[in-house]
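Structure record follows, encoded as C-alpha cells.
Please treat every number below as a calculation from the coordinates, not as lab data. Remember, it's a predicted structure, so these values are computed and weren't measured experimentally. Cβ sites come from the backbone with ideal geometry, for glycine too, and all protein chains shown count toward neighbours.
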Amino acid sequence: MKKISLKTIWGFLLALGMPVLAMADGHEAKLDSGDTAWLLTASALVLFMTIPGLALFYAGLVRVKNVLSVLMQCFALTGVLTIVWVVIGYSLAFDTTGSMNTFVGGFSKVFASGIGVDTLSGTIPESVFLMFQMTFAIITPALMVGAFAERIKFSAMTVFMIVWSILVYAPICHMAWAEGGFFFDLGVLDFAGGTVVHINAGIAALVAALIIGKRQGYPETSMTPHNLGLSVIGAAMLWVGWFGFNAGSALAANGTATMAMLVTQVATAGAVVTWMLIEWIKNGKPSILGVITAAVAGLVAITPASGSVGPMGALAIGIASGIACYWGATCLKAKCGYDDSLDVFGVHGIGGIVGALLTGIFVAKGFGGTGLAEGVTMGGQLGKQAIGVLTTVVYSGVVSFIILKIVDATMGLRVSEEEETQGLDSSLHGEEGYNL
C-alpha cells in the first residue's frame with residue numbers, strides 16, 4: 001500500500017478548511033444562536049415596557065374618569081404602529097438604497113419585502129431585528145400620550161401617531177442608526193435612542209400640549225393621580241423592561257450588552273436617590289410619585305450613553321438627570337404655564353437632552369468610557385452631540401407642528417367641553433374603569 005505523506009494529509013485538511021477561511025475573510029454573515037436568543041428576549045422586554053408598563057404608569061397618574069382612555073391609547077397604538085412599521089416604517093428607517101439615504105431610507109423593504117427565514121442582519125435573523133426595532137417604533141409615539149392625556153380625541157390621536165411615525169420617527173431613526181445616515185456618519189453617539197426616542201417624543205409632546213391647550217380647570221383644579229399603586233407597578237415594569245431597551249441595543253450577547261445593563265441600573269439608582277433627596281430637603285417628605293418619575297428620568301438619560309460609558313459616568317448622568325428633570329417637571333412647567341399632563345417633555349425631552357450631551361463627556365476613557373474616536377476631542381464629540389440634539393429638536397418640533405395643525409383643521413384634535421367634563425372613558429369608549 002502506498003504511503004501517504006504528511007504533506008498530502010496537510011493539503012487535504014487545508015482544502016476542507018478553505019470554505020471556513022473564505023467565510024472569515026469575506027466576513028460572510030453567520031447566525032449566532034446566543035445573539036438571536038438575547039434579541040428575542042430583548043424584543044419581548046421592550047414590548048413589555050409599552051404594554052403593560054407604560055400603560056399602567058400613565059393610567060394611575062390620570063383622574064379616575066380617564067383611566068381607560070390612556071390604557072386604550074397605549075394598547076391600540078401597539079396594534080396600529082405594528083402594522084405601520086411592517087408596511088412602511090422599517091423600510092424608511094433602515095433601507096439604505098434610497099436616493100436620500102442621508103436623511104431617510106428607501107422603499108425596497110416595504111411590506112417586509114425580501115425578509116425571510118434565512119435573511120440575516122449581522123449575526124441575527126433580520127426578522128428579529130425588524131421585531132426589536134418595531135418595539136422602539138411602538139413605544140416612542142406612545143410616550144406622547146401622557147402630554148395631552150384627558151383631552152384629545154381618540155380618532156385624532158390615532159391619525160396623528162400614524163403620520164408622525166412615518167414622517168418624524170422613521171427619518172430620525174434612519175439618520176441615527178442606518179449606515180450612511182446623517183448622525184451615523186457624523187459620529188453622533190446614540191446607543192439606544194436619546195435622539196431617536198426621547199428627545200424626538202419629548203419635543204413633539206410639548207408641541208402637542210401647546211397646540212391642544214390646557215385641561216379645563218388647569219392649574220386651579222386639583223388633578224392628582226387617582227391610583228399611584230398602578231403607576232408604581234407600571235414604573236417597575238419600565239425599569240425592568242429597559243434592560244431590553246438598552247442592553248438589547250448591542251444586538252449581541254456580548255460585553256457591550258452586559259455593561260449597558262449595568263450602567264442602566266446605576267444611572268437609574270442615581271436619579272432616584274437624587275430626586276428623593278431634593279424632595280426630602282425641599283418638602284420635608286420624599287414621595288413615591290417623585291421616585292417613580294425619577295426612575296424614568298434616569299432610564300431616559302442613560303439611554304444614549306449606555307453603550308459608551310462606565311459605571312461612574314452612568315452615576316454622574318443619573319444624578320444630573322435627577323436634578324434637571326426635577327426642575328423641568330416642576331419649576332419650568334409651573335413658570336411657563338403649559339399643561340404637559342404627565343411630564344413627557346419634562347422627563348423625556350429634558351432627560352434625553354441631558355443624556356445625549358453628557359454622552360460626549362463620559363465616553364472619554366478618563367471617565368471610564370469606551371473612548372473617543374481617533375482624532376476626535378471631547379469638545380469635538382460634544383459638538384457632534386449638540387448637532388444631533390439640535391437637529392432632532394428642530395425637525396421633530398417643526399414637522400410635528402405641521403401635522404398637528406393639519407389634523408386639527410381637518411378633524412379637530414380636542415374633545416368637546418362636555419366630553420372632557422364627563423371623562424373620556426365614558427364619552428369616547430362607553431366604558432368605566434371602576435364599577436363602584
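Things to note:
- Highest-first packing order for the peptide set 394-404, 247-257, 197-207 is 197-207, 247-257, 394-404, based on the mean count of other beta carbon atoms within 10 Å.
- Angle in degrees between helix 33-48 and the longest Cα principal axis of the chain, rounded to the nearest 10: 10 degrees
- Segment 30-423: relative contact order in percent, alpha carbon pairs under 8 Å with at least 6 residues between: 23 percent
- Taking θ as phi - 60° and the Karplus parameters 6.51, -1.76 and 1.60, the scalar couplings of segment 288-302 work out to 5, 4, x, 6, 6, 5, 4, 4, 5, 4, x, 5, 4, 5, 7 Hz in sequence order, x denoting glycine and proline.
- Listed residues ALA178, ILE115, GLY290: farthest to the positive end of the dipole of segment 30-423 (Cβ charges): GLY290
- Rounded to the nearest 20 debye, dipole of segment 30-423 from Cβ charges on Lys, Arg, Asp, Glu: 640 debye
- With neighbours defined as other Cβ atoms within 10 Å of a residue's Cβ, the residues MET276, MET259 order from fewest to most as MET276, MET259.
- Shape analysis of segment 224-283 places it in the oblate category; the axes a ≥ b ≥ c from the Cα gyration tensor give an a/c of at least 1.5, with a/b not above b/c.
- Links that overshoot a 23 Å alpha carbon limit, given the list LYS214/LYS333; LYS65/LYS405; LYS65/LYS282; LYS153/LYS335; LYS65/LYS214: LYS65/LYS405; LYS65/LYS282; LYS153/LYS335
- Each peptide in 364-371, 51-58 gets a packing score, the mean of other Cβ atoms within 10 Å over its residues, and the list from highest to lowest is 51-58, 364-371.
- Amide H contacts under 5 Å for LEU120: GLU126, restricted to partners 5 or more places along the chain or on a different chain, H placed in the peptide plane at 1.01 Å from N.
- Sequence-distant residues sharing a close amide H with ARG414 (under 5 Å, placed H): LYS153
- Expected 222 nm ellipticity per residue - DSSP helices of 4 or more, -39500 (n - 2.57), all of the chain, to 500: -19500 deg cm²/dmol
- Each of ALA235, GLY366, LEU404 was scored by the projection of its Cα onto the charge dipole of the chain, and the greatest displacement toward the positive side belongs to GLY366; charges sit on the C-beta of Lys, Arg, Asp and Glu.
- Burial ranking of peptide ranges 210-219, 73-82 (average Cβ count within 10 Å, highest at the top): 73-82, 210-219
- Anisotropy class of segment 30-423 from Cα gyration tensor, a/c 1.5 cut: oblate
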